[in-house]
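Everything below concerns the one structure shown next.
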Amino acid sequence: MPTTCDLLVTNARVLTMDERFTIYPRGAVAITGNTIVAVGDIETNFIASHTVDCKGRVVMPGLVNAHTHAPMSLLRGLADDLRLDVWLMGYMMPVEREFVRPEFVTLGTKLACAEMIRSGITCFADMYYFEEQVAQATAAAGMRALCAETVLKFPTPDAASFEDALAYSRAFIARWQGHPLIVPGIAPHAPYTCTSEIFRECADIAAEFDVPLHTHLAETAFEVERSRQERGMPVVPWAKKQRLFDARVLAAHCVHVDEGEMRTLKDAGAGVAHNPTSNLKLGSGVAPVTKMLELGLAVGIGTDGSASNNDLDMFEETRLAAVLAKGTTGDPTAVPARSALTMATRLGARAMHLGHLTGSIEAGKRADLIVVDMDPLHNVPRFDRDPNAIYSQIVYAAKSSDVIDVMCDGKWLMRDRRLLTLDEAELRGAAQDIARRIDAFLIQREQSVLQKLIAIGGVAEQESFEIQVKAPLTSADTVIHALESEDIAIIRAVHYHQYDTYFFFDDPDQGRLRYREDEFLDEHNSVTTARARLTLTGPSREAAFGSVLLFRSRFFAPATHSPRFYREYFKPVREREVEKDRRRWLIAYRGAEFYVHVDRLLKPAADGYFLEVKSRTWSRRDAQDKAAIIAELLQRLGARPDEAIESDYVELGRDN
Ligand SMILES: [Zn+2]
């Protein structure tokens, strides 16, 4: 007695991707509502309201993109061939701060969904800002997704603080829990962009609502090295110590993890998202997936965001995962085609903690499936001797453009390569409008060193006048002796080793950027603390009073990146390094405060010492008065005013 169902997909080569890798050469799939009710040689067991004849094409589970940032489709091709930090902190984050609004996220998600549906993806794991809009646009497009709001230690486009992001996440999760397509989650961005407090609180929220936690772990060797230095352990043990694995974790990347860390991930039931293109493109390396699979870890495959890939093509990604494993292990049997396709389907769903819903064609799972045309020439001919041949045909030969029909949650999203839930022409036009605006923003920014400095954050302007003078000294002792005078009060004395890197630009009006690293020394000349900062000095001098100089308008920022970062980001035409040993006193003299520096130039090496006396003020009048006192102090401290030199000339040479 036949049973009724809503839809019967017949005459299909069904790749179920179930645990036993069952294949039905002429099978059918019965669907009722959003659920698969039966699969196999079942055609005669059902009477369906609708029947779709697949004409012998392949029917397989919709692909699972285990890690992406969907709205970043709008940033595709914006800045490429850069190092991760320059790319992320120098370009992505500043542009995101300027442009990422709810409408941007909606449009970017729609564009990403359109591209993903076209390449046979039905389910993805997302992490971004305004995740509410990601969830809405994804649900409207009919796709399944784990949507997790990003939490960072610094302000983001939709949260002024991490507390705001946590509050947003709570409300977001509560709103979307139980939705048929969207599984809400929470996403502390990465160990290097989060504090331990953020990791703990996110784990608590994930546990409280019983939702997955999506994060980036051990993406670069630099991240792991820094974790060892600053936290005394690599990334995964640190995350464990923050109780991160109390939650059901989906960890993207895991490029630089050892076997112990893989076991930690496995024991915690965490899933891993392998992002081969992104990791290669950003030069991060290759995740040891062969070992992970051997240990039984749930490893899915992800495209990562379009800004680091630059497309959302899981066919490409799956093939790369398979061939890369062979190339890096020297073993052509590593990650065979069937394993790679499992990672792109069932295992990916498990890594996302959605294995009960999707990833294989099995009775009881949601009807997420695709129809693939194996007739295009690049798929011809077909061998049936080895049942695994179909996997290698799909992984090594087929292309995303061979996907002709896509169904998610029992609804068709694409038929005959025509999208049913999204308007491609409209998306194209709207995306190009955004690109034009971002272009204009970056063109303007790239013209100005100051704008670029502001873009990476933390800049404070100092409009004050700086009065300074510098002169050669034969001995440091004369200064130390003179400072003991009764009318000079020493407020503070420090000794440090100072490393300066000056960046020069073609256009002198851009000013000059200095990266300074100070290492403070104790009485035994051992380093106690260090600090680094950036100073952008404008080219114009307000005035010169004899040998005493006035500057104005300097811009300061804490230097949180390496000199290498700034070099690649600001692209100076020339640099100069200056290294000196500096003793510094803050003194009070004739009712005002002055800094006295005794410098010994180590690089470029110079004989003798230099004395520098400086002060700062906000008033021009006061600056003139202080200039007179400084000239006098210079003499008292043992230098002759007529020998005074412009300090920068000493350090930088007269060619500047
Ligand atoms: Zn990512």
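The values are calculated or read from the model by the stated rules, or taken from the named source; none is laboratory data. Remember, predicted model here, so these are calculated numbers, not experimental data. Don't worry about glycine lacking a Cβ; one is built from the backbone with ideal geometry, like all the others, and counts go over all protein chains shown. Each accessible area value is taken on the protein alone, full model and side chains, heavy atoms only, with ligands, DNA and RNA left out. Shrake-Rupley method; radii C 1.70, N 1.55, O 1.52, S 1.80 Å.
Quick notes
- The stretch 288-336 and the stretch 136-208 have Cα centres lying 26 Å from one another.
- For the pair Ala207 and Arg574 in one chain, pulling the backbone fully straight at 0.36 nm per residue adds 126.8 nm over the alpha carbon distance.
- When the stretch 24-177 is reduced to its Cα atoms, the Kirkwood hydrodynamic radius in Å: 18.0 Å
- Karplus-derived 3J(HN,Hα), 6.51/-1.76/1.60, for each residue of the stretch 138-146, Hz, glycine and proline x: 5, 4, 5, 6, x, 9, 9, 7, 8
- Rounded to whole Å, sorted largest first: equivalent-ellipsoid semi-axes of the stretch 228-343, Cα gyration tensor: 24, 16, 14
- Here the alpha carbons of the stretch 109-210 define both size measures, Rg and Dmax, at 13.6, 40 Å.
- The chain, dipole about Cα centre (Lys/Arg Cβ +1, Asp/Glu Cβ -1), debye to the nearest 20: 600 debye
- Student exercise, the stretch 140-226 dipole from Lys, Arg, Asp, Glu Cβ charges, in Debye to nearest 20: 260 debye
- The chymotrypsin sites (Phe, Trp or Tyr not before Pro) found in the stretch 379-412 that occupy coil by DSSP, while having at most 11 further C-beta atoms within 10 Å, are Phe383.
- Cα-derived Rg over Rh, computed across the stretch 291-348 with Rh taken as Kirkwood radius: 0.97
- Against the chain, whose longest principal axis comes from its Cα atoms, helix 221-231 is set at around 60 degrees.
- Nearest-0.05 FRET efficiency for Asp267 and Thr329, computed from C-beta distance (R0 22 Å): 0.35
- Taking every alpha-carbon pair within the chain, the share separated by more than 36 Å comes to 49 percent.
- Label point of Gln177 set 7 angstrom out along Cα-Cβ; within the stretch 107-145, amide nitrogens under 19 Å from it belong to 131-132, 135-136, 145.
- Rounded if a/c under 1.5, otherwise prolate or oblate - the stretch 482-539, Cα gyration tensor axes: oblate
- Extension gain for Leu586-Ser475 works out to 38.0 nm (0.36 nm per residue, less the C-alpha to C-alpha distance).
- The longest part of the chain holding none of the exposed loop GluC sites (Glu not before Pro), meaning those outside H, G, I, E and B in DSSP with at most 10 other Cβ atoms within 10 Å, is 20-483.
- The convex hull defined by the C-alpha atoms of the stretch 318-428 has an orientation-averaged projected area of 9.2 nm².
- Around Val395: net Lys/Arg minus Asp/Glu count, Cβ-Cβ under 10 Å: +2
- To the nearest 10, the accessible area of Leu166 is 10 Å² with a 1.4 Å probe.
- Lysines with Cα under 29 Å of Lys470, excluding same-chain neighbours fewer than 8 positions away: Lys580, Lys603, Lys614, Lys626
- Surface per residue (accessible, 1.4 Å probe) for the stretch 325-471, Å²: 45 Å²
- Simple rule: put +1 on each Lys or Arg Cβ and -1 on each Asp or Glu Cβ in the stretch 122-172, find the dipole, and look at Ala159, Gly142, Phe172; the Cα lying farthest toward the positive end is Gly142.
- Mean separation of Cα contacts under 8 Å, 6 or more apart, over the residue count of the stretch 246-367: relative contact order %: 23 percent
- The accessible surface of the chain, taken with every protein chain in place and a 1.4 Å probe, is 50 percent carbon and sulfur.
- Across the chain, the mean sequence separation of Cα contacts (distance under 8 Å, 6 or more residues apart), normalised by length, yields a relative contact order of 13 percent.
- For the stretch 54-87, backbone nitrogen atoms closer than 16 Å to the point 7 Å from Ser562 Cα along Cα-to-C-beta are found at 82-87.
- A probe of 1.4 angstrom, applied to the heavy atoms of all protein chains, finds Lys571 with accessible area near 120 square angstrom.
- As a length-normalised measure over Cα pairs under 8 Å and 6 or more apart, the relative contact order of the stretch 231-309 settles at 30 percent.
- Stretch gain in nm, segment Arg231-Lys399, where the contour uses 0.36 nm per residue and the Cα spacing is subtracted: 56.0 nm
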